[in-house]
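Structure, as structure tokens:
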Amino acid sequence: MPELLEYKCPSCGGAIKFDSRIQKMKCPYCDTEFEMETLKAYDEVLKDEQPDDMIWETRAGTEWDESEAANINSYICNSCGGEIVADANTAATSCPFCNNPVVMVGKLSGLLRPDYVIPFKLDKKAAIEGLSKHLQGKRLLPKIFKDQNHIQEIKGIYVPFWLFNADTSANIRYRATKVRSWSDSNYIYTETRYYSVQRSGSLRFERVP
């Protein structure tokens, strides 16, 4: 996957931006200011960290062909993990999920191509009206949620999903015990019986999203 050039605040983890007034990088969340050289040194330290080995095996159906992939770029946002897809002419944009500004470097390669695209049912105006209606009557809702929700910057994005078919089977063997206790006038007796129990089964799942 191609990389994104962006910086996160070492103090609070928020996305930081370049402030032209002070000629420094500044975090809008904690107001910490950073020199570019300081951030570059911090970035070099992060590069030495070992990434998690998370591999998902898939049986790809349809993939982008070379002519399509040549005009599309795909990236993973380092702030929220969302995928950003843009055309080949886009050099800088913002993440549609967290609105973090990013600079794009690289090309699309080897990603799955969707078989179908479901058109949007709501336009931007309807989405804004829907959120405003949802917020009505919520007296305990913090004011900042209404005043700073960036609703005018809302963007429509396509969220991909897959349907999986799976056959599962299990064969379990374990040891079971049955304990019985009784007593007489002199002793307390305990009888323990041991059993070897085996169970097996299978189940099929179809079109699980």
Taking placed amide H atoms and a strict 5 Å upper bound, the residues 5 or more places from N100 or on another chain that come that close are C95
With the calculation restricted to Cα positions, what are the radius of gyration and Dmax of the range 114-209 in angstrom?
30.4, 86
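Note the full-extension length gain between R199 and T38 as 0.36 nm times their separation in residues minus their Cα-Cα distance, in nm to one decimal. Spell out each step's value before the answer.
Working: separation 161, 0.36 × 161 = 57.96 nm, distance 6.10 nm.
Between R199 and T38, full extension yields an extra 51.9 nm.
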Under a 5 Å amide H to amide H cut-off, with H placed in plane at 1.01 Å, what residues pair with Y7 once short-range neighbours are removed?
I16
Convert each backbone phi in the range 175-180 into a coupling constant with the Karplus relation 6.51 cos²θ - 1.76 cosθ + 1.60 (shift: θ = phi - 60°), then list the ³J(HN,Hα) values in order as whole Hz, x for Gly and Pro.
9, 10, 10, 10, 10, 10
Going toward the positive end of the dipole of the range 164-208, with +1 on Lys and Arg Cβ and -1 on Asp and Glu Cβ, which of V179, G201, T190 do you reach last?
G201
Average silhouette area of the range 164-208, convex hull of alpha-carbon atoms, in square nanometres
4.5
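I need the trypsin sites (Lys or Arg not before Pro) found in the range 12-47, filtered to DSSP loop residues with at most 10 other beta carbons within 10 Å of theirs.
Working: sites: K17, R21, K24, K26, K40, K47; in loops: R21.
Here the sparse-neighbourhood loop sites are R21.
Please identify the trypsin sites (Lys or Arg not before Pro) of the range 132-209 that satisfy two criteria: DSSP loop assignment and at most 12 other Cβ atoms within 10 Å. Which are they? Walk me through the numbers before you get to the answer.
Numbers: sites: K133, K138, R139, K143, K146, K155, R173, R175, K178, R180, R193, R199, R204, R207; in loops: K138, R139, K155.
Answer by residue number: K138, R139, K155.
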Cα-Cα over 19 Å, subset of K24/K143; K17/K40; K8/K40; K125/K146
K24/K143
HN-Hα J in Hz across the range 126-138 - Karplus 6.51, -1.76, 1.60, θ = phi - 60°, x for Gly and Pro
5, 5, 5, 5, x, 5, 4, 5, 5, 7, 5, x, 8
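Only the coordinates and a few stated rules stand behind these numbers; no lab work does. As the structure is a prediction and not an experimental result, all values here were calculated from the model. Positions of Cβ are backbone-derived with ideal geometry, glycine not excepted, and every protein chain shown enters the neighbour counts.
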